[in-house]
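First up is the structure itself, then whatever we jot down about it.
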Amino acid sequence: MSRIHVGEPRLVGNEERYVLEALRAGQLSQAAFVREFELSFAKYVGRRHALACANGTVALHLALLAIGLEPGDPVLVPTLTYVATANAVALAGGVPVLCDVDRSSWNIDPADARRRLEALRLVDRPAVGLLPVHLYGVPAPMGPLAALADEFHLWTLEDAAEAIGATYADVPAGALGLAATFSFYGNKTLSTGEGGMLVVDDDELARLAHLYRGQGQAPGRRYFHEVAGFNYRLGELAGAVGLAQLERVDWHVGERRRVARFYRERLEALRLARGLEWQQAPEHGVSGEWMFTVRIPDGFARETVAEHMLARDIETRPAFVCMHSLPMYRGGDYAGGFPVAEDLSRRGLSLPTHAGLTTEDLERVAAALEAALS
């Protein structure tokens, strides 16, 4: 009986052909495949510009530099997310203002975000940015968040690292704010091994992002650098893989939806009998179903459940550790705490979610979870 992995890439299109073409052309740095990947991705998301980057984290950093984040500027970030979101803010000189999440979508809670904003005003610090994350592919409640951003004059940068295929009010994730970033890490819906993308409409923001991505070198002036930039470019071989993946994006997303649909139907009895929960897309939202994640019911230890499943050769992964409990973000002014995020962080468990899973595999996962909660 083979091991069921929690995530794995599927290379089922033109990946090999395009990589060989790039190798035969002798192009390993940014060239034709990266450019075509950028153009095609911008069209897919519905943005004017797309900039391929070395990974999703540097795409976030690049976006914040282009937006003009200044030292000490506060940016609202959900505490329940991958550390890269908060790290990018800190590395750009900003201050992550951590917020609780809502119990339904597991994304940043607009009510708690408002409370944090009002606290910022009380100490006479300007509110600057909002950085919602579409956690595990479930879109954040962008309607209420957009209203909040308008009221407090915030810019919004979407962390859509996990949100290929997600929509809100029929608008693709990545086209709902000033700018957005994606990740193409090895376990993402579209994978280049390592890679990321920044998408934006504003021409000036795109120009600045291009500048910072390429060591700050001025266009058309070799070795003349206008700013202290970075080498955040994506290599040509990764671009070739990315383009091939994007050509079959509907298949990749559709397969994730097949997996999630099976889990919802098969685990409904556990939901009713044991109180098993899973993420719910907000009103007007549709999930990209990157990683189907459940909340283990009270009375059961998540670690015990995970060990039970691993003993049956089924991998799982715990929910993210809350940012406010990590050493570099611990000890901030977190009045009111983060009760929902802490509960989900402690009890959340991601089930195997990828296009290579057969119906037999999925039945094994469901049966093992059922036995663990019996």
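Every number in this text was worked out from the coordinates using simple rules, so none of it is lab data. Just so it is clear, the model here is predicted, and its values are computed rather than measured. As a convention, Cβ positions derive from the backbone with ideal geometry for all residues, glycine included, and neighbour counts pool all protein chains shown.
Miscellaneous remarks
- Amide H partners (placed H, <5 Å) of Gly285, local residues excluded: Ala169
- Classified by the C-alpha gyration tensor, the stretch 77-141 has an oblate form. Its axis ratio a/c, with a ≥ b ≥ c, is 1.5 or above, and a/b does not exceed b/c.
- Calculated FRET efficiency, Trp251 to Arg312, Cβ-Cβ distance, R0 = 35 Å: about 0.75 to the nearest 0.05.
- Each of Val75, Val241 was scored by other Cβ atoms within 10 Å of its Cβ. Listed from fewest to most, they are Val75, Val241.
- Separation of alpha-carbon centers, the stretch 149-222 and the stretch 48-106, rounded to whole Å: 11 Å
- Antiparallel bridge percentage (DSSP; both residues within the chain; nearest 5): 60 percent
- The phi torsions of the stretch 42-51, fed into the Karplus equation with coefficients 6.51, -1.76 and 1.60 and a -60° offset, translate into couplings of 4, 5, 4, 7, x, 10, 6, 10, 9, 10 Hz, rounded to whole numbers, with Gly and Pro shown as x.
- Local charge for Asp298 was computed over the other residues whose Cβ lies under 12 Å away, with Lys and Arg +1 and Asp and Glu -1, and equals +3.
- Whole-Å distance, taken between Cα centres, linking the stretch 1-38 and the stretch 257-290: 31 Å
- If the segment from Ala32 to Thr359 were pulled out straight at 0.36 nm per residue, it would be longer than the present Cα-Cα gap by 113.8 nm.
- With distances taken between every two different alpha-carbon atoms, the stretch 1-124 has a Kirkwood hydrodynamic radius of 18.1 Å.
- Value at 222 nm in deg cm²/dmol, rounded to 500, when DSSP H runs of n ≥ 4 in the chain each add -39,500 (n - 2.57): -12500 deg cm²/dmol
- Cβ-based net charge around Gly68, under 14 Å, with every Lys or Arg adding one and every Asp or Glu removing one: -3
- Unit charges on C-beta of K, R, D, E only; dipole of the stretch 15-248, Debye: 480 debye
- Compactness of the chain - radius of gyration and Dmax, Cα, Å: 20.8, 67
- For Gly229, the amide hydrogen comes within under 5 Å of the amide hydrogens of Gly216, counting only partners 5 or more places away or on other chains and with H modelled in the peptide plane.
- From phi via Karplus (6.51, -1.76, 1.60), per-residue ³J(HN,Hα) for the stretch 288-294 in Hz, x at Gly/Pro: x, 6, 5, 9, 6, 10, 10
- Sum of side-chain charges, Ala173 neighbourhood, beta-carbon under 11 Å (Lys, Arg +1; Asp, Glu -1): -3
- Taking amide hydrogens as placed 1.01 Å from N in the peptide plane, the amide H of Glu277 sits under 5 Å from those of Arg295, each at least 5 positions away in sequence or on another chain.
- This ranking places Lys188, Lys43 by how few other beta-carbon atoms lie within 10 Å of each, fewest first, which gives Lys43, Lys188.
- Sequence-ordered 3J(HN,Hα) estimates for the stretch 250-256 from the Karplus curve with 6.51, -1.76 and 1.60 and θ = phi - 60° stand at 5, 5, 4, 5, x, 5, 4 Hz, glycine and proline given as x.
- Anisotropy class of the stretch 1-41 from Cα gyration tensor, a/c 1.5 cut: prolate
- Tail fraction, Cα-Cα pairs, the stretch 250-372, threshold 26 Å, whole percent: 26 percent
- Relative contact order of the chain, taken over Cα pairs closer than 8 Å and 6 or more residues apart, is 24 percent.
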